[in-house]
Each structure stands twice: as C-alpha cells, then as structure tokens.
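Right, one structure below, let's go through it.
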Amino acid sequence: MNEEQKSLLLNSSSCFSPPQGVKLSYGTAGFRADASLLPSTVYRVGILAALRSLKTGSVIGVMITASHNKVSDNGVKIADPNGGMLSQHWEPFADALANAPSPQHLLLLINEFVAKEGILMDGVSQAEVLLGRDTRPSGSALLEAARQGVTSIVGAVVKDMGILTTPQLHWMVRARNKGIKASEQDYFEQLSSSLRCLEDLIPTEKSKFDELIDKVVVDGSNGVGGVKLKGLGRLLNALVIEVRNSSEDGGVLNDGVGADYVQKEKLVPHGFGSEDAGMRCASLDGDADRLVYFIVQPESSGRIDLVDGDKILSLFALFIREQLSFLNENEGLKNCYPCRLGVVQTAYANGASTNYLKQLGLEVNFTPTGVKYLHEKAAEFDIGIYFEANGHGTVLFSESLIEWLEARTKEISSGSKASEAEKAALRLLAVSKLINQAVGDALSGLLLVEVILQHMGWSIHRWNELYHDLPSRQLKVKVADRNAVITANAETVVVSPPGLQEAINAETGKYPQGRCFVRPSGTEDVVRVYAEASTQEAAGTLANSVTKLVDQFLGLNSS
Ligand code: NG1
Ligand code: ZN
C-alpha cells in the first residue's frame, strides 16, 4: 500500500469511530443495528466493497436497509458479482473490519488482508461499487458514509443508484457484470416484457375473468416496494395493481403493516379492512424482497387467511412441473432435456407444504435459515425453486437449461402454430427472465404469481386450497447468549446446551402432529421458537412450554 493510499485511509477513517462496547457481526442479512450505531460500520463496508471489486474485477453492490425491522434500525449488506450474497469466505474479514478499534488497527487489517488475498492496490486497478438504500430516514447519511468508504480506496468509484428495493440493486449488479443494461428502466422493461410473453401464452379457454380476479391489492409496508410497484404497474397491460401503504403515504415503515407483520401475526395490516374480505391481497416487506398473499376474513375479526411463501413455492412448482411435462411429451430424444427440478425449504416451512410437495413427486431439500444457504442449494438444479415461509424466495435456472431453451425457441418458425412443447419452452424462458435470478424479489414474484393464477384460471381461494396449513406459532426469547444454542440437521436439532433437545422432544411428544425447534436468530439478539400442532391452541401451548425450557437452560439469569 503506497503512502497516498495510507494517508487517504487514515484521514477518512478518523471521521468514523466505531461505537463503544458493541460487537457487530455480519449475519445472514449483513450488519443490522440501531441506525445511530452504524455510520462507522457502513463506511467500513464501503471499503470492503471496493476491495471486493478490486479482487474480483467486477462491479459490487452495497445495499443500505434493515428490511422488515423497525424504522429506527438500519443495516448494510454486500451484493457479490453474480448479484448474490457476499462470499462466506469474506465474512470474517467484514466482522474484523467493523470491529477494528482505531484507524491504525483498520489499516493493519486491510494491509494483512490484501496481502493474503493478493489484491493489487496499485492505484491503477479500477473498482466500481453501486450504492442503493431503502426509504429509511437514516439512509441518506449512511449512504454518504458508504461513499466515503469506497472512495478511500484509490481507483474506486461509486455509482449512487438512489432509493431502490434490495432485489433491484442485486439485479443491477448482476446485469452490469453480464454486460447487460442495468438501469431501473431496464429492470422494469425486462419484467413487463416477460410478463406480457406469459400473458400471451395463457390458454384461451382460461383467460376469462371476472373483475375481482383481475385486481390485486398490495400492502407496500410503508416502504420502497409500493413506489416501485406503481412505476412498474404503469407498464403493464392487463394486470391491475392497487397499491396501499406506499412510503409516500406517510405511515410508519413496517409498523402494523408488511409481509413480516402479516405472516407472523396473521392480522389484517393497516389500510385494509372488512371491505376487502375475499379480495386477492398481497404484502411486501420494507425492502420488497419478501412477498406473502392473504385473504381478509369476512366480518371485522381482523384475522386473515395467510397464503405464505410455502404456497407461493407450491404454485410455482406446479406450474413449472406442468411446463416440463409438456416440454418432454411426445418429443423424440433429440428434443428432450433431462431437467432436474428441485425445491428448497427451511425448517420454518409448514409441514403440510412439505407433504404436499413430496406427494407431487418433487425432490424437497432442507437448509438452515438464511437466503444464502437456500440459494446455494437451489443453484444445484436445472430449475431450483426456493422459498422461506416468510415469503423470500425465487426460481433459479441453470445456464445450460437457458441456452437449451433459447435454442429450442429459436426453431419456432414465425406464422406457424407453436406446439404445446414449444409453448412450454417459451413460457419457461419467460419465467427465467421475469423472476429475479439474483435474490428473492417481491415485485417479480408478484407478477409471476398473478400470471400463473390467470394461466390456471384460479382464484386466490382455489390456490389457498392446495393444502391446509398445520397451525403454527412463533415466539422469541431473550437469553444471556443466543450463540450458546448450537443446532444440527438444518436447525431441527439442538446439540448444545446438552439436555435441551431431550426436553423439547418430551414436550413435543405430548401433541398430535407436534413439531418444534429452536435456533438463534441471525438478525436479532434472540432465540426463536417454532411450534406446529394439530390445533392453534396446541401450537401456542407447545411454543410457550418450549420457550420456558429455553429460558430455564439459557435465560438471562443463567450463567
Ligand atoms: P433470523 O433472524 O435469523 O431468524 C430472519 C428470518 C430469515 C431471513 C432473515 C433475513 C424468520 C424466522 N427468519 O432471520 O428467514 O429472512 O431474517 O432477512 O423469518
Ligand atoms: Zn426484506
């Protein structure tokens, strides 16, 4: 590192002191904390992003958001060259950077790391970082901190992409690195044109809808998703999207609104009421990477029927499975593609959804919580569909399948009537363009759900009837040290502290269809408890009893 670089880093880092007595860790969603604690961390993540860009020779993204968490929180995470999460191999460096106590320590760390990774800091190599943020009031100052971090590395430039959904930024990073146009307009155009392609291929006998089915009402969680959905909606022909709880409506972000609230509380979000009973409603989270649907129950009970990420996954799996069967039906060997379709869930998936998917003959895989694990597993298939019950998920297509589909659809001669197999190939190709290949994306997910429902000629009620969720309950417990809980088998079994799993088993055994697991959260300082049973009351009692067990083994008063 030359003198110019050293003094640039020392000068700029002296403006950002790390918070005293707080240890930050790059969890499943990057760094997250109260926004007042974050300027130094975000500045340092800016440095990390510039180094990552130098190392990979690619564009890197930095997104400033705390997703579904409260408005006073914020967070920061990196988008890697393929648009995915930061390589796990760099996470320890992110932790060390964030917690370095002084500018001198920071410099030392960077020096060691660049030497180990063989990163050239010669002032000649170029780095580029795209910055984005959600609508949180703390976002603009934190974006500035990120900018300072990036530009404290010689040769690194910043592009401020402004207020975006998290998936938009990931999409842009991926597109830039593929040499594709990557503006917001390009994103909207790709989504709307692939949707149109799918709409044009809807079987004619199914394309008749009453007014109710044509419209979807979306809760934007008082965040960025609502604004973007309005922009996208203007480019759509057939689909009518009514947006409520958009950031400019003045409500508080994620407060009694949004996908997390709707999924966890199973209550009607603000801005919705009994007049919406029976309508097709959807909810996004604060940065629009989660999507759930819901039906407001009649009368003013305030309750909803939740159509969660598991049901979105099931709908996508059904549609894709149908297209694959058309694709290979009556085809000679030459035209067949031995497509491996896999689905990926976590322990939070409702047991009824897993049974349903298995009954369809699908390969169901489980990973620990955290998008990076699901994404990695799904990428092993030709078509990998992953969803968390909370509504984060997408459908990944292998490069070789896309190439094959492109070749297959090029053969379709204009003017002649496409065969069922050709239509299926066109549909799958359109899905691969519509659905975000980088991360779960509520906007593209919503368009895909909408067009599949039209394709099937299904109401939300018909969709919801695919299977019946087992009643479930989620709770959280504050403990002395959440990392004292160590789990195995995709987080379904506690291996430490000893004895806790046996106690959970004994409790769970008392309930018909009982299932329960506990795990440390990656984004909050709590242990989460999930319980399922044959009735809502039983699921609640089981969750409560296990919460007490966690408290006995690890509670704030235990050593
Ligand atoms: P943690 O706090 O680790 O449970 C939560 C969600 C994850 C994922 C991350 C990232 C639940 C139970 N957990 O993680 O699924 O979405 O946030 O946002 O919903
Ligand atoms: Zn989110």
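The values are calculated or read from the model by the stated rules, or taken from the named source; none is laboratory data. Remember, predicted model here, so these are calculated numbers, not experimental data. Here Cβ is always computed from backbone atoms with ideal geometry, including for glycine, and neighbour counts include all displayed protein chains. The area values use the complete protein model at the heavy-atom level, side chains included, leaving out ligands, DNA and RNA. Shrake-Rupley method; radii C 1.70, N 1.55, O 1.52, S 1.80 Å.
Some notes on this structure:
- So LEU120, is it open to solvent by less than 10 Å² (accessible area, probe 1.4 Å) and either under 29 Å from GLU376 (Cα atoms) or in contact (Cβ under 8 Å) with a residue 60 or more places away in the chain (or both): no
- Checked against the criterion of being among the charged types (D, E, K, R), closer than 21 Å to ALA352 by Cα and touching a residue at least 12 places away in the same chain (Cβ under 8 Å), the candidates GLU491, GLU524 yield just one match: GLU491.
- Strands (runs of 3 or more DSSP E) within region 334-408 that include 2 or more residues open to solvent by 20 Å² or more (accessible area, probe 1.4 Å): 363-366
- Scanning region 79-99 for residues that are surrounded by fewer than 19 Cβ atoms within 10 Å (Cβ to Cβ), part of a loop (DSSP other than H, G, I, E, B) and in contact (Cβ under 8 Å) with a residue 60 or more places away in the chain returns a single hit, ASN82.
- The one condition in (1) touching a Gly at 6+ places or on another chain (Cβ under 7 Å); (2) assigned to a loop (DSSP other than H, G, I, E, B); (3) among the aliphatic types (A, V, I, L, M) that ALA238 fails to fulfil: (1)
- Flag for SER72 being among the small types (Gly, Ala, Ser) and open to solvent by 10 Å² or more (accessible area, probe 1.4 Å): yes
- Any hit, region 262-285, residues being assigned to a helix (DSSP H, G or I), under 30 Å from VAL76 (Cβ atoms), within 12 Å of ligand 1 (Cβ to nearest atom) and under 20 Å from the mean Cα position of the chain (by Cα): yes
- A single entry from GLU465, GLU537, GLU502 fulfils the requirement of being among the acidic types (Asp, Glu), more than 16 Å from ligand 1 (Cβ to nearest atom) and under 30 Å from THR204 (Cα atoms): GLU465.
- Search result, residues across region 228-240 that are aliphatic (A, V, I, L, M) and buried (at least 20 other Cβ atoms within 10 Å of the Cβ): LEU229, LEU232
- Qualifying residue in region 49-62 (condition: under 19 Å from the mean Cα position of the chain (by Cα), within 16 Å of ligand 1 (Cβ to nearest atom), in a strand (DSSP E or B) and on the phi < 0 side of the Ramachandran plot): no
- GLY231 satisfies every condition listed in (1) assigned to a helix (DSSP H, G or I); (2) farther than 22 Å from GLY440 by Cα except (2).
- Residue in region 524-554 that is modelled with the lowest pLDDT, counting only those that are surrounded by 14 or more Cβ atoms within 10 Å (Cβ to Cβ) and part of a loop (DSSP other than H, G, I, E, B): GLU524
- Residue check for LEU306: in contact with a Lys or Arg (Cβ under 8 Å, 6 or more places away or on another chain), within 26 Å of GLY384 (Cβ to Cβ) and more than 16 Å from ligand 2 (Cβ to nearest atom): yes
- Meets criteria (away from ligand 2 (no atom under 16 Å from the Cβ) and either within 17 Å of LEU453 (Cβ to Cβ) or surrounded by fewer than 24 Cβ atoms within 10 Å (Cβ to Cβ) (or both)) for SER247: no
- Filter pass, THR56 being in contact with a Leu (Cβ under 9 Å, 6 or more places away or on another chain) and of a type in the set (Ser, Thr, Tyr): no
- Helices (runs of 4 or more DSSP H) enclosed by region 123-227 - at least 2 residues per element that are without any contact (Cβ under 8 Å) to a residue 24 or more places away in the chain and more than 30 Å from THR409 (Cβ to Cβ): 139-151
- With respect to (1) open to solvent by 20 Å² or more (accessible area, probe 1.4 Å); (2) within 16 Å of ligand 2 (Cβ to nearest atom); (3) not basic (Lys, Arg), the lone exception for SER521 is condition (1).
- Answer residue from region 209-223, given it is open to solvent by 10 Å² or more (accessible area, probe 1.4 Å) and over 13 Å from GLY256 (Cβ atoms) and is modelled with the lowest pLDDT among those: GLU211
- Residue among VAL257, VAL296 that is modelled with pLDDT of 95 or more, open to solvent by less than 20 Å² (accessible area, probe 1.4 Å) and more than 16 Å from ligand 2 (Cβ to nearest atom): VAL296
- Where a residue in region 65-78 is in the same structural domain as THR165 (by TED's automatic domain parsing) and within 9 Å of ligand 2 (Cβ to nearest atom) and its partner, wherever it lies, is open to solvent by 10 Å² or more (accessible area, probe 1.4 Å) and part of a strand (DSSP E or B), with Cβ under 6 Å and at least six apart: ALA66/ARG32; ALA66/ASP73
- Members of region 366-384 that are within 16 Å of ligand 1 (Cβ to nearest atom) and not small (Gly, Ala, Ser): PHE366, THR367, PRO368, THR369, VAL371, LYS372, TYR373, LEU374, HIS375, GLU376, LYS377
Here is a yes/no grid of residues against (1) among the acidic types (Asp, Glu); (2) assigned to a loop (DSSP other than H, G, I, E, B); (3) loosely packed, with under 13 Cβ neighbours inside 10 Å:
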{"site": "TRP463", "(1), (2), (3)": "no, no, no"}
{"site": "PRO498", "(1), (2), (3)": "no, yes, yes"}
{"site": "GLU507", "(1), (2), (3)": "yes, no, no"}
{"site": "GLN513", "(1), (2), (3)": "no, yes, no"}
